[in-house]
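Student: Dropping the structure in here first, questions after.
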Amino acid sequence: MPARAPLSLAKGLSLAKESLRHFRSNRGKVTAPSPFFEGSGSLSPGPTIATIRVLPPEILQEIFLVSIPPEITARRNRAVLNLCWVSSLWRETATQLPRLWSSLMIHVAQRRKEDFFWVMIDKWLERAGTQLIYLCVQGAHGPIPNLPGQACLQLQINVLRKYSGRIYHLEGVTPHLLQEMSGSRLRGLQCLIFDLDRSDLGNCLLNLPSFAPNLRRLAVDEKITELRPSQTSIFSLHTWNHLTHLTTRVSGYKKWMRILEACPNLQCALFHYSHTVSLSEDAFSTLLNLPSLYTLTIVLVDRHPINLQLFRHLELPSLNTFRLGSFHQPSFTFNSEIEHDLHLAYQQISGIRCLSLFFDSLMSRLNWFAGEFLPNFLYIEELDIQDCFDLAMFFFELNQFQKYGQVPSLPRLQVLSLDIRQDCEFDFSSNGDFVEFVQSRSSSEYSSAYYLPFQVVVYVNKDATHVYAPMVEKVRSMNLPVYLTVWDEETGHRGSRWKYRLDGEERKWIQGI
């Protein structure tokens, strides 16, 4: 059989691009070679092109990386192993890619072949080479007869101690697991996600300095201010001063400020905030400056609107991204119409570049959202609207204030992203206000004034693709920059509101850090 001719650079790049598109559309579903990977198959009608077998290993490895789900889940474990089962070439290529093996979900439980299980875990992590390790532990609760007490000990011996200097991310840490690891120090650990209840909270947090002395990211699915008097000293620990990312629940203004005061170096914060009836105006007499806070997400967990006093004593000079939403409060509104309160709130967030809102309704008050709220944000480059049911009214008002408003409406806007549920019933291809708004934003006159491109990105889940794909095709036939992106899974593609749900709110909470 004659030797295969060398692959030209142009043809190789073309094949790589086609392969990447294929893997992105089938991420996490690689179970066997697709027909077009075989010698007889082709990607499209016409001359048969070179197969994936002739791709350089470096390109094949990049394809592997984009085909693997980013989350640390059992699904990702299976996807990595599936790559190794396709062929000897794929197995060899995968085993020589340390980044592929640097993340692992470990389900702790007693099993018949216990020794073999931990040998396989060790082999997996050895393939990660010198990469930082990202671990998710499940089932580490206890003590339960014949369940994971011994397995937790094996986890400590075979994984946590052996790779203590390289473990960077650890989620699913329970009080039982933390007790098993008493005396251990994970010096490389910078991201920690707890799995605990309120009764265990205080003691776990008090152990943080010895367990993870270099911790930078912390997620606690409980109110970290609900502590016994003997445990309130945790806020004086140096751990809080070093935190850059924090996700937790908080109740009331005083506790919100207490956490922020303990974490002056925060860069990214996600708070599930619940309202309290009384707010003490003299709780903080001076401004609290958070010079590094870049991203702030507030999820309202009750039916009260956001309280503007949250911003009364804050200075947020670096704030770039602000996300606000609720799964209980259907309409977006503030709890005060007092000019002074509004001014203080707008002053702290007026310089943001990205605004993300997830409410059922944005148009609860006529002309308020587009006419009074949005004009305060002259620097927004991305406006992200998620799960909103009154998009038709939203675009009507946005269009009206763009044409007749006294001040420019979002003059720097580059990206408008719409995260749409299937039952929204908004046909943007036939909505005149939507079409007119996008046309005006895309016009050469508008672009030349601000020198910025503009595009609309529509996010839908897979089940809704058949509804919205024809709409996107229709508006794109009008030469409008509208693009469709399908969620990877039901949990959403990016910034989706589902990401911020707590346990018991329809979906499992995916950590914000």
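Student: Out of (1) open to solvent by less than 30 Å² (accessible area, probe 1.4 Å); (2) of a type in the set (Gly, Ala, Ser); (3) in contact with a strand residue (DSSP E or B) (Cβ under 7 Å, 6 or more places away or on another chain); (4) over 20 Å from PHE428 (Cα atoms), what's the single condition that is false for SER336?
Tutor: The one condition SER336 does not meet is (3).
Student: Could you tell me which numbered condition PRO70 fails, if it satisfies all but one of (1) more than 19 Å from TYR163 (Cα to Cα); (2) touching a Ser or Thr at 6+ places or on another chain (Cβ under 9 Å); (3) open to solvent by 40 Å² or more (accessible area, probe 1.4 Å); (4) in contact (Cβ under 8 Å) with a residue 12 or more places away in the chain?
Tutor: (4)
Student: Additional query: Tally the residues that are part of a loop (DSSP other than H, G, I, E, B) and either touching a Gly at 6+ places or on another chain (Cβ under 7 Å) or modelled with pLDDT under 90 (or both), restricting the search to the stretch 266-304.
Tutor: Number satisfying all stated conditions: 17.
Student: If only one of SER318, SER364, SER331 is touching a Ser or Thr at 6+ places or on another chain (Cβ under 9 Å), open to solvent by 40 Å² or more (accessible area, probe 1.4 Å) and more than 27 Å from ASN241 (Cα to Cα), which one is it?
Tutor: None of the others qualify; the one that does is SER364.
Student: Could you say which residue among SER350, SER356, SER326 is touching an Asp or Glu at 6+ places or on another chain (Cβ under 7 Å) and either within 30 Å of GLN190 (Cα to Cα) or modelled with pLDDT of 80 or more (or both)?
Tutor: Of the residues listed, the single one that is touching an Asp or Glu at 6+ places or on another chain (Cβ under 7 Å) and either within 30 Å of GLN190 (Cα to Cα) or modelled with pLDDT of 80 or more (or both) is SER356.
Student: Looking at the stretch 291-308, which of its residues are of a type outside the set (Ser, Thr, Tyr) and buried (at least 19 other Cβ atoms within 10 Å of the Cβ)?
Tutor: If the condition is that a residue be of a type outside the set (Ser, Thr, Tyr) and buried (at least 19 other Cβ atoms within 10 Å of the Cβ), then LEU293, LEU296, ILE298, VAL299, LEU300, VAL301, ILE306, ASN307, LEU308 are the ones that fit.
Student: Another question about this same structure. Among the residues of the stretch 370-406, write down those that are among the hydrophobic types (A, V, I, L, M, F, W, C) and closer than 19 Å to GLU436 by Cα.
Tutor: ALA370, LEU374, LEU383, ILE385, LEU391, ALA392, MET393, PHE394, PHE395, PHE396, LEU398, PHE401
Student: Kindly list, by first and then second residue, each pair from a residue in the stretch 401-412 that is exposed (fewer than 11 other Cβ atoms within 10 Å of the Cβ) to a residue that is modelled with pLDDT of 80 or more, limited to pairs with Cβ atoms under 6 Å and residues at least 6 apart or on different chains.
Tutor: Pairs found: VAL407/PRO375.
Student: OK, next. Any residue in the stretch 112-131 that is more than 16 Å from ARG76 (Cβ to Cβ) sitting within a Cβ distance under 7 Å of a residue that is at pLDDT 85 or above and assigned to a helix (DSSP H, G or I)? List the pairs, counting only those 6 or more apart or interchain.
Tutor: Final answer for the pair search is TRP118/ASN158; ASP122/ASN158; GLY129/PRO98.
Student: Which of the residues spanning the stretch 389-406 are modelled with pLDDT of 85 or more and within 28 Å of ARG303 (Cα to Cα)?
Tutor: Hits for the stretch 389-406 are ASP390, LEU391, ALA392, MET393, PHE394, PHE395, PHE396, GLU397, LEU398.
Student: Something else about it: Which pairs do you get when a residue that is free of Cβ contacts under 8 Å to residues at least 40 places away in the same chain and on the phi < 0 side of the Ramachandran plot, found in the stretch 361-383, comes within reach of a residue that is assigned to a loop (DSSP other than H, G, I, E, B) and of a type in the set (Val, Ile, Thr), reach meaning Cβ atoms under 6 angstrom, with the pair 6+ apart or on two chains?
Tutor: Final answer for the pair search is SER364/THR333; PRO375/VAL407.
Student: For residues that are part of a loop (DSSP other than H, G, I, E, B) and modelled with pLDDT of 80 or more, scanning just the stretch 463-505, find the one that is most open to solvent (accessible area, probe 1.4 Å).
Tutor: ASN479
Student: OK, next. Where in the stretch 118-207 are the strands (runs of 3 or more DSSP E), entirely inside, with at least 3 residues that are within 16 Å of MET105 (Cβ to Cβ), modelled with pLDDT of 75 or more and touching a Gly at 6+ places or on another chain (Cβ under 8 Å)?
Tutor: It comes to 133-138.
Residues checked against (1) over 21 Å from PHE271 (Cα atoms); (2) modelled with pLDDT under 80:
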| site | (1), (2) |
| --- | --- |
| ILE306 | no, no |
| LEU366 | yes, yes |
| ALA370 | yes, no |
| LEU374 | yes, no |
| TYR379 | yes, no |
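The values are calculated or read from the model by the stated rules, or taken from the named source; none is laboratory data. Model, not experiment: these values are computed from the prediction. Cβ coordinates were reconstructed from backbone atoms using ideal geometry, including for glycine residues, and neighbour counts include every protein chain displayed. Accessible surface is based on the protein model in full, side chains and every heavy atom, while ligands, DNA and RNA are left aside. Shrake-Rupley method; radii C 1.70, N 1.55, O 1.52, S 1.80 Å.
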